[in-house]
Amino acid sequence: MALRIARHGRGWQVRPSDILRVGPGFDLGGFDTSATPGFDGGKAAGEAAIATLGGRLSELQEKLYAESRAGGSRAVLLVLQGMDTSGKGGISRHVLGMVDPQGVQVRSFGVPTPEERRHHYLWRIRRALPRAGRIGVFDRSHYEDVLVVRVDGLVDGDPWLERYREIERFERQTEEAGITVVKCALMISPDEQLARLAERLERPEKFWKYNPSDIDARERWDDYMHAYQDVFDHTSTPSAPWHVIPADRKWYARLAVTQLLVDTLTDMNPSWPPPGFDVSAERARLGALLTERADADREPPASRRKGRRKGR
Ligand code: ADP
């Protein structure tokens with residue numbers, strides 16, 4: 001236990017990937033969305049931990065990027081799912097905002113466009129996969145095609161088991177291509193969602209975030225929870241498990257996702273690429289230039305010397 005605390009910094013008692021990962025018999029019905037599993041501190045300690053982890057996350061991503069510049073093909077894909085107002089956007093802003101923007105690729109998936117509709121549902125997803133060296137973020141994802149599409153009855157028949165297998169295969173191929181998939185579902189309670197929706201209607205600067213259809217989805221809460229449970233049961237695999245994150249406390253959800261990303265990248269162990277040049281030869285060349293420059297600075301400029309002579 002002490003080793004784990006030392007490894008994850010003050011506050012974490014258990015590695016979040018262990019405590020938040022969907023295991024056999026996982027039951028969403030008994031899930032406490034206001035808990036802070038594995039972390040023994042409160043909001044202040046959580047926010048302090050996020051700030052510390054931000055530096056580490058940024059450094060790890062830079063290493064991954066450097067590795068890709070030397071021919072590496074690895075990347076990370078963070079898949080975010082959750083009901084409206086669960087905080088998916090906040091994760092992109094607050095967690096990935098700590099990383100060099102050039103190293104992050106955020107993509108949101110809404111109602112498919114006419115062009116997207118003409119293709120298989122994984123078409124738009126494959127095109128959005130992160131390039132080597134980046135952390136990709138999917139704000140909603142291919143899972144919408146077994147969540148909203150199922151709850152709203154947007155396709156005929158009962159293709160869900162077939163889609164789960166298809167998704168599993170797709171994620172395996174993605175991993176084989178060097179992209180580590182980190183799947184996080186942010187779960188809030190209906191009461192918390194109500195409070196967040198009400199807040200959006202209170203202030204003009206939040207109106208743009210409010211969508212009247214959010215209320216319709218809310219009315220089908222139980223259907224959504226049933227669809228989520230099936231997703232967790234059928235698509236949590238050893239190489240791409242689901243992490244179900246209590247998200248009533250925004251700071252905890254952000255901390256958990258940050259730690260999951262840091263742990264994932266730490267396990268990937270990216271390394272600075274070796275130089276493609278002779279370091280000592282380059283240092284010697286640069287040293288010679290610096291000496292030349294220092295000598296020139298010590299010498300009074302020829303023009304000034306001339307001027308002084310004239311004035312005498
Ligand atoms: P958000 O609610 O994430 O801030 P939007 O307001 O653009 O973003 O909403 C996106 C909407 O698109 C959500 O209601 C979501 O359920 C819906 N959506 C996403 N993917 C699909 C899909 N494949 N089919 C139908 N609707 C989808």
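The values are calculated or read from the model by the stated rules, or taken from the named source; none is laboratory data. All figures in this text were calculated on a predicted structure; none of them were measured in a lab. Positions of Cβ are generated from backbone atoms using ideal geometry, with glycine treated the same way; all protein chains shown enter the neighbour counts. Side chains are part of the model used for accessible areas, which takes the heavy atoms of the whole protein and leaves out ligands, DNA and RNA. Shrake-Rupley method; radii C 1.70, N 1.55, O 1.52, S 1.80 Å.
Quick notes
- Checking each residue in the range 146-190 for being in a helix (DSSP H, G or I), within 17 Å of Ser236 (Cβ to Cβ) and within 15 Å of the ligand (Cβ to nearest atom) picks out Val146, Trp160, Arg163, Glu166, Ile167, Phe170.
- Candidate set: the range 122-133, residues that are in contact (Cβ under 8 Å) with a residue 40 or more places away in the chain and out of contact with any Leu (no Cβ under 8 Å at 6 or more places or on another chain); chosen: the one most open to solvent (accessible area, probe 1.4 Å): Arg131
- Test result for Tyr121, within 12 Å of the ligand (Cβ to nearest atom), within 25 Å of Ser34 (Cβ to Cβ) and of a type in the set (Phe, Trp, Tyr): no
- Single residue of the range 3-36 satisfying the filter (open to solvent by 80 Å² or more (accessible area, probe 1.4 Å) and at pLDDT below 90) that is farthest from the chain's Cα centre (by Cα): Leu3
- Across the range 100-116, the qualifying residues are those that are open to solvent by 50 Å² or more (accessible area, probe 1.4 Å) and assigned to a loop (DSSP other than H, G, I, E, B), and the one among them that is nearest to the ligand (Cβ to nearest atom) is Val111.
- The residue that is farthest from Gly72 (Cα to Cα), counting only those in the range 127-145 that are within 16 Å of the ligand (Cβ to nearest atom), part of a loop (DSSP other than H, G, I, E, B) and touching a Lys or Arg at 6+ places or on another chain (Cβ under 8 Å), is Arg140.
- Scan of the range 10-37 for residues that are within 14 Å of His243 (Cβ to Cβ) and free of Cβ contacts under 8 Å to residues at least 60 places away in the same chain, ordered by number: Val14, Asp18, Ile19, Gly23
- The residue of the range 259-303 that is farthest from Gly71 (Cα to Cα), among those that are assigned to a helix (DSSP H, G or I) and polar (S, T, N, Q), is Ser303.
- Unique match (being surrounded by fewer than 13 Cβ atoms within 10 Å (Cβ to Cβ) and either touching a residue at least 60 places away in the same chain (Cβ under 8 Å) or within 19 Å of the chain's Cα centre (by Cα) (or both)) among Ala177, Ala240, Ala185, Ala198: Ala177
- Checking each residue in the range 210-219 for being within 11 Å of the ligand (Cβ to nearest atom) and touching a residue at least 12 places away in the same chain (Cβ under 8 Å) picks out Tyr210, Asn211, Asp214, Ala217.
- Pairs are defined by a Cβ separation below 8 Å, a sequence spacing of at least 6 or placement on different chains, a first member in the range 143-155 that is outside the structural domain of Leu78 (by TED's automatic domain parsing), and a second member that is outside any loop (DSSP other than H, G, I, E, B); no pair meets this definition.
- Positions within the range 84-124 being within 21 Å of the chain's Cα centre (by Cα) and among the basic types (Lys, Arg), in sequence order: Lys88, Arg93, Arg107, Arg124
- Leading residue by the ranking (modelled with the highest pLDDT) among those in the range 195-251 that are of a type in the set (Lys, Arg) and not in a helix (DSSP H, G or I): Arg249
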